[in-house]
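Chemist: One structure coming up, written as structure tokens, with questions to follow.
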Amino acid sequence: MDYEVIVAGGSVSGLLCAREIARLGHSVLVIEEDHEIGTPEHCGGVVSISGIEELGVVPTRGTLDNKIRSASMISPAGKSFTLDARAQKVVVLDRRDFDKQIAHQAKNNGAEIRVRTSLKEINGNELKTSEGVLKSHIIVDARGVTSLIHKDREGILQSAQYEVYADWIEKDRIEVYFDQEKYPGFFAWIIPTHADIAKVGVAGKGINAAVALENFLSQKGKHSVVRKIFAPIWTKGPIKNFVTKNIVTIGDAAGQSKPTTAGGIYSCGLGGIFAGRAISKYLESGNQSDLLGYQKAWSEKFDHEFQNMLLARKLLERFDNKAIDKMFESVTPQILEEISKEGTFDFHTVSLAKLLGVKGSVKAVQTILGSEFRRLLT
């Protein structure tokens, strides 16, 4: 065999997987189809400091673009409320720098990394790549949402995200805009990275994301666009099997991004770590149950919350703009204080349930979803 493990995909999950495998003394190669680790930056880069630390990464000064103090939610009619994010210690990462930092960890542990090398075909233990045929005991699929497109298109939404310069950007406040007509099933967002600089994006079911984003920006006011990125996102939750024979699927390719926001630095990153440790154990024992331990570990950590997120997504998808506006009208300062203290930053389902359950909106929600809403609150 050329390598004990080959990881196809050099994003957070793939690099963390390789880091763990190499750390435990096994030969591993990461192949990345793009010309550089960390590009293009598909995600918003929002994560908590505690989440980064659990991934075993101490971010450098260059990795931390910004610290977030609050998040404002805006309804279709322009009603809004703001959540305090200071308790959660939320930051915005420079994903290019962050991914390179993990790549350096993996390399220092003994992993090999090759860019501009793409996976073409898998045949047993052989991988046909753009650079020739390689052999490996275990193949890790960390290629992101593109791995899911041919399997199930139902959970995929189109997104567009621009890097924008504008004086209407608030440096320490994220903005999230809900509108089921413009961004059905999702939302528009502004994630500030520096003073007057932000990642501005939209996603939604059945929309032309580029046109929707251009319209959103034109309504915000004068701006300059310095980078454009278009990418599919996955909102349907984890796939059924993370392990099939000698192929291990991780990160976005395994549906490990959050169904509510499509964010996945933490959940996908831990998927890579759990997979790397399970693969190493399997290589030493030859026991398939050790390999399957990866899915067990990830499920124990995330299954309950992901099921709640899927219910929350179902709730939001069935709301029309009138219902969303009514919900926003019902939010009280007491509810916001509770959410800011106990919820995680990006729409934790407990927080969402509180918002949906405030006085004035319970009856409307129960009419729409009946028992599903009661399940979400239990």
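The values are calculated or read from the model by the stated rules, or taken from the named source; none is laboratory data. All values reported here derive from a predicted model rather than from experimental measurement. Cβ atoms come from the backbone with ideal geometry, glycine included; neighbour counts cover every protein chain shown.
Chemist: Just checking, does region 213-232 include any residue being closer than 19 Å to VAL176 by Cβ, assigned to a strand (DSSP E or B) and of a type outside the set (Ser, Thr, Tyr)?
Modeler: There is at least one residue in region 213-232 that is closer than 19 Å to VAL176 by Cβ, assigned to a strand (DSSP E or B) and of a type outside the set (Ser, Thr, Tyr).
Chemist: From the residues in region 270-303 that are farther than 25 Å from GLN105 by Cβ and within 17 Å of the chain's Cα centre (by Cα), which one is modelled with the highest pLDDT?
Modeler: Out of the qualifying residues, it is SER299.
Chemist: Which of the residues spanning region 224-259 are surrounded by fewer than 23 Cβ atoms within 10 Å (Cβ to Cβ) and among the polar types (S, T, N, Q)?
Modeler: SER224, ASN241, THR244, ASN246
Chemist: Sticking with this one: Given the structure, is VAL133 over 26 Å from THR193 (Cβ atoms) and in contact with a Cys (Cβ under 9 Å, 6 or more places away or on another chain)? Break it down into steps so the answer makes sense when it comes.
Modeler: Values: over 26 Å from THR193 (Cβ atoms): yes; in contact with a Cys (Cβ under 9 Å, 6 or more places away or on another chain): no.
Considered against the rule, which asks whether it is over 26 Å from THR193 (Cβ atoms) and in contact with a Cys (Cβ under 9 Å, 6 or more places away or on another chain), VAL133 comes out as no.
Chemist: Additional query: List the number of the failed condition for ASP167; all other conditions in (1) in contact with a strand residue (DSSP E or B) (Cβ under 6 Å, 6 or more places away or on another chain); (2) modelled with pLDDT of 90 or more hold.
Modeler: (1)
Chemist: Going through region 127-162 one residue at a time, which ones are among the charged types (D, E, K, R) and surrounded by 17 or more Cβ atoms within 10 Å (Cβ to Cβ)?
Modeler: Of all residues in region 127-162, those among the charged types (D, E, K, R) come to 128, 131, 135, 141, 143, 151-154.
Matches in region 127-162: ASP141, ARG143.
Chemist: Quick one: which of LYS240, LYS205 is of a type in the set (Lys, Arg) and free of Cβ contacts under 8 Å to residues at least 40 places away in the same chain? Reasoning before the result, please.
Modeler: Numbers: LYS205 fails: free of Cβ contacts under 8 Å to residues at least 40 places away in the same chain.
So the residue among LYS240, LYS205 that is of a type in the set (Lys, Arg) and free of Cβ contacts under 8 Å to residues at least 40 places away in the same chain is LYS240.
Chemist: Name the residue, out of ALA209, ALA166, that is within 18 Å of GLY263 (Cβ to Cβ), buried (at least 17 other Cβ atoms within 10 Å of the Cβ) and among the hydrophobic types (A, V, I, L, M, F, W, C).
Modeler: Working: ALA166 fails: within 18 Å of GLY263 (Cβ to Cβ).
Of the residues listed, the single one that is within 18 Å of GLY263 (Cβ to Cβ), buried (at least 17 other Cβ atoms within 10 Å of the Cβ) and among the hydrophobic types (A, V, I, L, M, F, W, C) is ALA209.
Chemist: Filter region 94-121 down to the residues that are outside any helix (DSSP H, G or I), touching a residue at least 40 places away in the same chain (Cβ under 8 Å) and basic (Lys, Arg), then identify the one that is nearest to LYS199 (Cα to Cα). Give the steps one after another, and end with the answer.
Modeler: Restricting attention to region 94-121, the residues satisfying the condition of being outside any helix (DSSP H, G or I) are 94, 110-121.
With the extra rule that they be touching a residue at least 40 places away in the same chain (Cβ under 8 Å), the set shrinks to 94, 110-119.
Next cut, basic (Lys, Arg) only: 114, 116.
On the way: ARG114: 28, ARG116: 26 Å.
Only one residue fits best here, namely ARG116.
Chemist: Considering only region 127-177, state which residues are closer than 29 Å to THR117 by Cβ and β-branched (Val, Ile, Thr).
Modeler: THR129, VAL133, ILE138, ILE139, VAL140, VAL145, THR146, ILE149, ILE156
Chemist: Evaluate the following for CYS17: is it closer than 30 Å to LYS171 by Cβ, in the same structural domain as GLY271 (by TED's automatic domain parsing), of a type outside the set (Ser, Thr, Tyr) and within 21 Å of the chain's Cα centre (by Cα)? If you could, list the steps in order and put the result at the bottom.
Modeler: Values: closer than 30 Å to LYS171 by Cβ: no; in the same structural domain as GLY271 (by TED's automatic domain parsing): yes; of a type outside the set (Ser, Thr, Tyr): yes; within 21 Å of the chain's Cα centre (by Cα): yes.
No, not satisfied.
Chemist: Do we have THR82 as touching a strand residue (DSSP E or B) at 6+ places or on another chain (Cβ under 9 Å), touching a residue at least 24 places away in the same chain (Cβ under 8 Å) and more than 21 Å from VAL176 (Cβ to Cβ) here? Spell out the reasoning first.
Modeler: Numbers: touching a strand residue (DSSP E or B) at 6+ places or on another chain (Cβ under 9 Å): yes; touching a residue at least 24 places away in the same chain (Cβ under 8 Å): yes; more than 21 Å from VAL176 (Cβ to Cβ): no.
No.
Chemist: What's the total number of residues in region 52-68 that are part of a loop (DSSP other than H, G, I, E, B) and exposed (fewer than 15 other Cβ atoms within 10 Å of the Cβ)?
Modeler: First, the residues of region 52-68 that are part of a loop (DSSP other than H, G, I, E, B): 55-63.
Restricting the remaining residues to those that are exposed (fewer than 15 other Cβ atoms within 10 Å of the Cβ) gives 56, 58, 60-62.
So the count comes out to 5.
Chemist: Only one residue in GLU41, GLU112 is surrounded by fewer than 22 Cβ atoms within 10 Å (Cβ to Cβ) and at pLDDT below 90, so which one is that? Lay out the reasoning, then the answer.
Modeler: Details: GLU112 fails: at pLDDT below 90.
So the residue among GLU41, GLU112 that is surrounded by fewer than 22 Cβ atoms within 10 Å (Cβ to Cβ) and at pLDDT below 90 is GLU41.
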